[in-house]
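Colleague: Got a structure here, written out as structure tokens. Questions coming.
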Amino acid sequence: MAGRHFLQIPGPTPVPDRLQRAMHRQMEDHRSATFPALTRSILSRLPQVVHQTKGEAFVFPATGSAMWEAALVNTLNPGSRLLAPRFGQFSHLFIQTARNLGHHVDVIEEPWGEAADPAKIEAALAADTAHEIQGVLLVHNETATGVTSDVAAVRAAMDRAKHPALLYVDGVSSIASLDFRFDAWGVDCAITGSQKGFMLPAGLGILYVSEKALARVDSCTMPRAYFDLRAMRTNNAQGYFPSTPALSLLYGLDEALTMLLDEGMDQVVARHHRLATGVRAAVRAWGLHECARRPEIASDSLTAVVVPEGIDARTVIDLAFTRYDIALGSGLSEVAGKVFRIGHLGDMNALTLAGALAGVEMALADAGVLVTLGSGVGAALQHWRVGGNA
Ligand SMILES: Cc1ncc(COP(=O)(O)O)c(C=O)c1O
């Protein structure tokens, strides 16, 4: 098809030309005397994205799921007890990863479309008077449902329960798009990947670790090999990596950090919020609603839209793709066929999203949803114009 393809899934997100250019280079010796400059440029700036001033950040050739594993094998002993709310496919998979590694997870079930409930986490921790629970697993932004949980409130609940468990936060679809306060929220391990807010191809796993969690790395007894942070720390201290780094992606990450930090993290967060509220205005104008059950938990990095009874969301997605050259995210697992997802994170602005919403609107109409053409786009434009950059 002629013209530009619209990649509106919630990751991977479009890679800006500037980042493509930064990655387009010849390979080089990753053990050379000059290589540490790149490592240091990345590792010194990566923490600023999540407002981390203590602890360390790590980068692996891997993806977000791998960082779940890296966090859990470097900070726990085998057969540890953990606590986790489950409210979507990614909180489910985080729990499964912990179980596959032999840990026991007490699950707090929430309906899909809801967020983590700090009161329930507090009650579960308060009941654990022997402090058997070693960690709380929390997905900050549930990409399956477009729901953002309140990490600060979960930390406050843990503090009220006076519980020493570590706080593991999946920030795969929040970090570098939504506000993420590593120090202020008392996060111990934050997990992400390169293909969402960092606007890069998939292939880098990024892990932020607090001082408290780092203190466990040497003494914990989980078996680990590739993801062993001890080897990573020793090498990183000299500006190197224990195995061959994903060089092109590292050059991309270095440039992505420049883009993000030049824009300023507060501005990046504000941009995502402004774009998301416009998309939500469009959803309302179509007479539809989000999968997120309450406005205050609706995600600013993606919107999961519930289709009316009798319509299969897969049809909307197929029509959007084949007729209008726009890729939308599908409904995962429990919400398959019931929702489609519009990614609005990364290299996005109002006009990109206006085009995307036009495509969604036409696909909805083609699928038999009674939408007035222009209604959603108009609502979004009104929102963005009034709240504009001028
Ligand atoms: C919230 C969340 N966690 C984890 C993952 C898994 O990350 P990856 O696909 O990079 O392994 C995803 C992927 O979309 C995600 O959205």
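The values are calculated or read from the model by the stated rules, or taken from the named source; none is laboratory data. Small disclaimer: the values here were computed from a predicted structure and weren't measured. Note: ideal-geometry Cβ built from the backbone for every residue, glycine included; neighbour counts use all protein chains shown. For the accessible areas, the whole protein counts, side chains as well, though only heavy atoms, and no ligand, DNA or RNA atoms are used. Shrake-Rupley method; radii C 1.70, N 1.55, O 1.52, S 1.80 Å.
Colleague: What does the charge count near Asn77 come to, summing +1 for each Lys or Arg and -1 for each Asp or Glu among other residues with Cβ under 14 Å from its Cβ?
Modeller: Once positives and negatives cancel, what remains is +1.
Colleague: Ok, one more. With a 1.4 Å probe and all protein chains left in place, how much accessible area per residue does segment 17-262 have, in Å²?
Modeller: Computed with neighbouring chains in place, this is 36 Å² per residue.
Colleague: How would the chain be classified by its alpha-carbon gyration tensor: rounded, prolate or oblate, with rounded meaning a/c under 1.5 and the a/b versus b/c comparison settling the rest?
Modeller: The shape class here is oblate.
Colleague: How far is helix 89-100 tilted, in degrees, relative to the longest principal axis of the Cα atoms in the chain, given as a value from 0 to 90 rounded to the nearest 10?
Modeller: Between helix and principal axis, roughly 30 degrees.
Colleague: Residues with beta-carbon under 11 Å from that of Arg271, excluding Arg271: net charge, scoring Lys, Arg +1 and Asp, Glu -1?
Modeller: Overall, the nearby charge balance is -3.
Colleague: Now, a different point. I'd like the Karplus ³J(HN,Hα) series for segment 47-52: coefficients 6.51, -1.76, 1.60, θ = phi - 60°, whole numbers in Hz, and an x wherever there's a Gly or Pro.
Modeller: x, 5, 5, 10, 6, 9
Colleague: Which whole-Hz couplings ³J(HN,Hα) result when phi for each residue of segment 210-225 is put into the Karplus expression 6.51 cos²θ - 1.76 cosθ + 1.60, θ = phi - 60°, listed in order with x for Gly and Pro?
Modeller: Here the 3J(HN,Hα) series is 7, 4, 4, 6, 4, 5, 8, 4, 6, 8, 6, 10, 5, x, 7, 9 Hz.
Colleague: Here's something else I'd like to know. Write down the percent of antiparallel bridges among all DSSP beta bridges whose residues are both part of the chain, to the nearest 5.
Modeller: So the antiparallel bridges in the chain amount to around 50 percent.
Colleague: Within segment 55-152, what percent of beta bridges assigned by DSSP are antiparallel, to the nearest 5? Kindly include the intermediate steps, with their values, before the conclusion.
Modeller: On the way: 2 of 12 bridges.
Percentage antiparallel, nearest 5: 15.
Colleague: Follow-up question, since we're still on this one. For the chain, modelled as a Gaussian network with Cα springs under 10 Å, which listed residue fluctuates most, Asn77, Asn100, Asn236?
Modeller: Asn100
Colleague: Computing the accessible area with a 1.4 Å probe over protein heavy atoms, can you report the carbon and sulfur percentage for the chain?
Modeller: 54
Colleague: What size of dipole, in debye to the nearest 20, comes out for the chain about its Cα centre when the only charges are +1 on Lys and Arg C-beta atoms and -1 on Asp and Glu C-beta atoms?
Modeller: 400
Colleague: Related question: Cα axis of helix 375-386 to longest principal axis of the chain: angle in degrees, 0 to 90, nearest 10?
Modeller: 60
Colleague: For the chain, what is the calculated [θ] at 222 nm in deg cm²/dmol (nearest 500), taking -39500 (n - 2.57) for each run of four or more DSSP H residues and dividing by its residue count?
Modeller: Calculated from helices alone, the mean residue ellipticity at 222 nm is -13000 deg cm²/dmol.
Colleague: Tilt of helix 265-285 relative to the longest C-alpha principal axis of the chain, in degrees (0 to 90, nearest 10)?
Modeller: 40
Colleague: Over the chain, how many pairs of lysines fall under 24 Å by alpha carbon, counting only those 8 or more apart in sequence or from different chains?
Modeller: Step by step, the pairs that qualify in the chain add up to 5.
Colleague: Expressed as a rounded percentage, what relative contact order does the chain have, with Cα pairs under 8 Å and six or more residues apart?
Modeller: 23
Colleague: For the chain, set up a GNM with springs between Cα atoms under 10 Å and report which of Cys189, Cys291, Cys220 has the largest fluctuation.
Modeller: Cys220
Colleague: Could you identify which residue out of Leu370, Leu353, Leu302 has the top mean-square fluctuation in a GNM of the chain using Cα springs shorter than 10 Å?
Modeller: Leu370
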